[in-house]
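This report concerns only the one structure given below.
The values are calculated or read from the model by the stated rules, or taken from the named source; none is laboratory data. This is a predicted model, so every value here is computed, not measured. Please note: Cβ atoms are built from the backbone with ideal geometry, for glycine as well, and neighbour counts cover all protein chains shown. Each accessible area value is taken on the protein alone, full model and side chains, heavy atoms only, with ligands, DNA and RNA left out. Shrake-Rupley method; radii C 1.70, N 1.55, O 1.52, S 1.80 Å.
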Amino acid sequence: MTGFAYGIDSGKAEAIPIREAVDAKARLVWVHLETNDAVAQRWLRDSAHLADYVIDALTAAETRPRCEAVGEGAFLNLRGRSSQPLDGSDMLASVRIWAVKGRVYSVTRRPLLAVDTVRKEVEGGTIADPGDLITAFATAITNDLDPDVAGLGDELDSCEEQLDEHRVFQLRRTVSRVRVAAIGYRRFLSPQRAALEKLAALPGDWLGDDDRLHLSAAADRAARMAEELESIRERAALVHETLTDMRAEQIDNRALVISIVAMVFLPLTFITGLYGMNVKNLPYAEEPWAFDAILGTCALIAAGIVIYFVQKHWFRR
């Protein structure tokens, strides 16, 4: 079982072994487990003495951001960026948190970038109670996600500025990637905002007024990012449609050129095929000027067809 634990008292944090965390006398004890396997579940049940429904919530395989008040504590699930590449349908790693007065248990299945940020704050002495710790998690996750969401918008802006029929394939790949990322992020940011708002409104003396304000601010930022992601998704759809139209126009133009070339050579092919037959009595076949006459006739026919197409503006794009 991997993870770490801290005992926090009077603004000072001390690293302690996980097996000693339950009996620690510090004002706040934070235990973070980096797995949800059977060993972690057994420790949460037999050593931490958590209820089965809390253990199930902390170690669930699939989770969405949510907040639930249970007795004197609260369960919170948040999603943030991971240091490992994740599946396109599940782009954010989760952290599950169970908090009561004096105790916070958190569990992650995949590396969460926000954990290192929160750990540094704990070691720096800025965390004093469970509210501060949860607020640190919410703030770290939103701070980490904000530049990534802004980067998606910048990529889309660049694609819109570079719209060109000669870069259709490259731009379509970029737009599709941005759209998939925006959909994946928005899938979790909208319920995450609701979870933070619910937590900020929960009764309990383990959440201070400043903690509730910080949680509300994190919820506002999550809402703003969700709205920006929705805008990115809609813009990406419009850009993708534009690129699809440009690609269709390219195909139409190329098909037009092929059709014109075919129309020019169709009568020429008929004439040359006719005089290429291995039969006797072809008109003028024995005349010395026959070959030049056929070439001249083909040239006149081709020129006439091209002039006709030019007059009909078929060569205009």
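Looking at the range 83-152, the accessible area is 36 square angstrom per residue; that uses a 1.4 Å probe and ignores ligands, DNA and RNA. Per residue, the range 248-312 exposes 77 Å² of solvent-accessible protein surface, assessed with a 1.4 angstrom probe and all protein chains in place. Put D252, D132 in order of accessible area, highest first, and with a 1.4 Å probe you get D252, D132. For K25, the lysines whose Cα comes closer than 17 Å to its Cα, not counting residues fewer than 8 places off in the same chain, are K12, K101. A Förster distance of 25 Å, applied to the separation of the beta-carbon atoms of R212 and D146, puts the FRET efficiency at 0.75.
Looking at the range 222-290, the GluC sites (Glu not before Pro) that sit in a DSSP loop and have at most 13 other Cβ atoms within 10 Å of their own Cβ are E286.
Which one of R172, R254, R81 has the biggest mean-square fluctuation once the chain is modelled by GNM with Cα springs under 10 Å? Ranking R172, R254, R81 by mean-square fluctuation puts R254 first. Among the GluC sites (Glu not before Pro) found in the range 66-153, those both in a DSSP coil and sparsely packed, with 16 or fewer other Cβ atoms within 10 Å of their Cβ, are E72. Here the range 217-247 and the range 3-81 have alpha carbon centers that stand 36 Å from each other.
Rolling a 1.4 Å probe over the protein chains gives M91 an accessible area of about 50 Å². The share of accessible area on the chain that comes from carbon and sulfur is 54 percent, using a 1.4 angstrom probe.
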